[in-house]
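Visitor: Below: one structure in structure tokens.
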Amino acid sequence: MKKFLIAALATTTMTSAAQAGTLNLDLRADYNSTTYDESSQPDVSKFYFKTGRLDYMGKATEDLSFRVRLAFNKSATQLVDSAQTAVEYAFLTHKMSDVFALSVGRFNTEFGGFEGATSGADLYLTSQFYTGRGPDGALGGANLGTSDLLYMTGAKGTFTFGGHNVYVMATNESETLAGPTATQNTMMMGAVWRGAWTEDKALMTNLSYHTLNGPADGDKHQFMTAGVMWNAKPAMVSVDYLMSEAKLDAGEKDTVTSIVAKFAYTGWEQWTPRLEFQTSEEKLEIGGEETNKFIGYGAVLEYKPYTDTNFRYHLAYANVKEEPEAGDDITSQEVVLGARLMADFLK
């Protein structure tokens, strides 16, 4: 009887541990030094949390999973969906078949091509499509970008066919446009196709389209991306084309287009160098015609002292130049030195 109780207790403990899921700490702390030339922005020299979040994933049943991710470096402002900005993920996924799964809650909108699909903890140089900012601060148009629309609340269907995933979703409109909770009366719609074309999934493509209405009748936002990635070790190359269009009912529109290219060499066990490049154009028609151009390049070196632990040090440099239609060129130079750790509390 005693042996039976011990065996039952051990089985219960193992089952509980198996169902406990994972609780990851994702932490990236940086020292950032950014200097500006001909800009209205002040120079910056600071330590800060680039990424700071707790990420829990688990299963209620074999086919019903859930995920909650809280970012402690974001504000507690309550949004239209009654959750705080700090809640990046809070969704459940019902796997209804081998082909289809339904997710409900706040999830990733698969927005922004391969640049948007990259974890924020692995981003250094980013495009104007991603941030909506340049060396002189926020862009002047009515466009939205990845940072505005990456985490949204709604429903998302995922179709899986071999190495291909198709996402179809409907979410709340952007918090940037929504205003008071009572004014939430429209949705963002999106469709994304990500494909792997070789047996080892080295060649990948990413196509997406999202749309939502503006705050006034007849206003509309559209977002289109196309990307290709070749990840055949020891080399990785990716290229994105990203376009955001904000159009008024009267026909005037603001557009932001970005091209993002990245190269990484992963052939060394502990060191990973990267080169990054982006070029963007902001074309304004609403409230006056103006065209501003941006070009940026960067270099990154990552060092992993432990091969079996997701921990690294990184050193990055980025230079971005804004060429406004009128006035002098505006530049920013950024140096980042930091570390990132992702670790499971439950192991």
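The values are calculated or read from the model by the stated rules, or taken from the named source; none is laboratory data. Everything quoted here is computed from the prediction, not taken from an experiment. Don't worry about glycine lacking a Cβ; one is built from the backbone with ideal geometry, like all the others, and counts go over all protein chains shown. Accessible surface areas use protein heavy atoms only, side chains included; no ligands, DNA or RNA. Shrake-Rupley method; radii C 1.70, N 1.55, O 1.52, S 1.80 Å.
Visitor: Ignoring everything but the protein chains, give the 1.4 Å probe accessible area of ASP344 in square angstrom, nearest 10.
Guide: Solvent-accessible area, nearest 10 Å²: 40 Å².
Visitor: For the residue pair ALA76 and ASP249, what label-to-label distance in nm results when each label sits 7 Å from Cα along the Cα-to-beta-carbon direction?
Guide: For the pair ALA76/ASP249, the computed spacing is 4.1 nm.
Visitor: So for the chain, averaging the separation of alpha carbon pairs under 8 Å that are six or more residues apart and normalising by length, what relative contact order in percent results?
Guide: About 16 percent, as a whole number.
Visitor: To the nearest 0.05, what FRET efficiency results for HIS94 and PHE311 with a Förster distance of 22 Å applied to their C-beta separation?
Guide: My answer for the efficiency is 0.05.
Visitor: Okay, moving on. For region 53-110, what is Rg from Cα atoms divided by 2.2 N^0.38 Å, rounded to two decimals?
Guide: In units of the 2.2 N^0.38 Å rule of thumb, it is 1.24.
Visitor: In addition: Can you give the longest run of the chain that contains no chymotrypsin sites (Phe, Trp or Tyr not before Pro) sitting in a DSSP loop with at most 14 other Cβ atoms inside 10 Å?
Guide: 73-196
Visitor: Check each of the GluC sites (Glu not before Pro) in region 211-285 and keep only those in coil by DSSP with at most 13 other C-beta atoms within 10 angstrom; list them in order.
Guide: Those satisfying the criteria are GLU269.
Visitor: Keeping all protein chains in place and using 1.4 angstrom, which order do ASP240, ASP136, ASP219 fall into by accessible surface area, from largest down?
Guide: Of ASP240, ASP136, ASP219, the descending order of accessible area is ASP136, ASP219, ASP240.
Visitor: How big is the Kirkwood radius of region 37-191, worked out from every pair of different alpha carbons and given in Å to one decimal?
Guide: On the way: mean 1/r = 0.0574 Å⁻¹.
About 17.4 Å for region 37-191.
Visitor: List every residue whose amide H lies under 5 Å from the amide H of HIS164, counting only residues 5 or more places away in sequence or on a different chain, with H placed 1.01 Å from N in the peptide plane.
Guide: ALA196
Visitor: About its Cα centre, how strong a charge dipole does the chain have in debye, to the nearest 20, once Lys and Arg get +1 and Asp and Glu get -1 at the Cβ?
Guide: Magnitude of the dipole: close to 2160 debye.
Visitor: Now a separate question. Sequence gap at least 6, Cα distance under 8 Å: using those rules, report the relative contact order of region 84-225 to the nearest whole percent.
Guide: 19 percent.
Visitor: Here is a further query. With springs only between Cα atoms under 10 Å apart, run a GNM on the chain and tell me which of GLY214, GLY105, GLY162 wobbles the most.
Guide: Between GLY214, GLY105, GLY162, it is GLY162 that shows the largest mean-square fluctuation.
Visitor: What number comes out for the charge environment of VAL239, summing +1 per Lys or Arg and -1 per Asp or Glu over other residues with Cβ under 12 Å away?
Guide: -2
Visitor: How much length, in nm to one decimal, is gained on full extension between ALA326 and ASP37, taken as 0.36 nm per residue of separation minus their Cα-Cα distance?
Guide: 102.5 nm
Visitor: While we're here: Once you have the Kirkwood Rh of the chain from its Cα pairs, apply Stokes-Einstein at 10 °C and 1.306 mPa s and quote D in µm²/s.
Guide: 72
Visitor: If you don't mind, another one. What percent does the relative contact order of region 23-116 come to when contacts are Cα pairs within less than 8 Å and at least six residues apart? Mind showing how you got there, number by number?
Guide: Numbers: 166 pairs, mean separation 17.4, N = 94.
Across region 23-116, relative contact order equals 18 percent.
Visitor: Would you calculate the convex hull of the Cα atoms in region 222-283 and tell me its volume per residue in Å³?
Guide: Hull volume normalised by residue count: 67 Å³.
Visitor: Could you tell me the calculated FRET efficiency between TYR297 and THR266, based on Cβ-Cβ distance and R0 = 25 angstrom, to the nearest 0.05?
Guide: So the FRET efficiency works out to roughly 0.75.
Visitor: From the helices alone, meaning DSSP H stretches of at least four residues, give me the mean residue ellipticity at 222 nm for the chain, per-run term -39500 (n - 2.57), in deg cm²/dmol to the nearest 500.
Guide: Theoretical 222 nm ellipticity from helices: -2500 deg cm²/dmol.
Visitor: What GluC sites (Glu not before Pro) does region 134-240 have in DSSP loop regions with at most 14 other beta carbons within 10 Å?
Guide: GLU199
Visitor: Quote the FRET efficiency, to the nearest 0.05, computed for ALA339 versus TYR209 with a Förster distance R0 of 35 Å and r equal to the Cβ-Cβ distance.
Guide: Plugging the Cβ-Cβ distance into 1/(1 + (r/R0)^6) gives 0.40.
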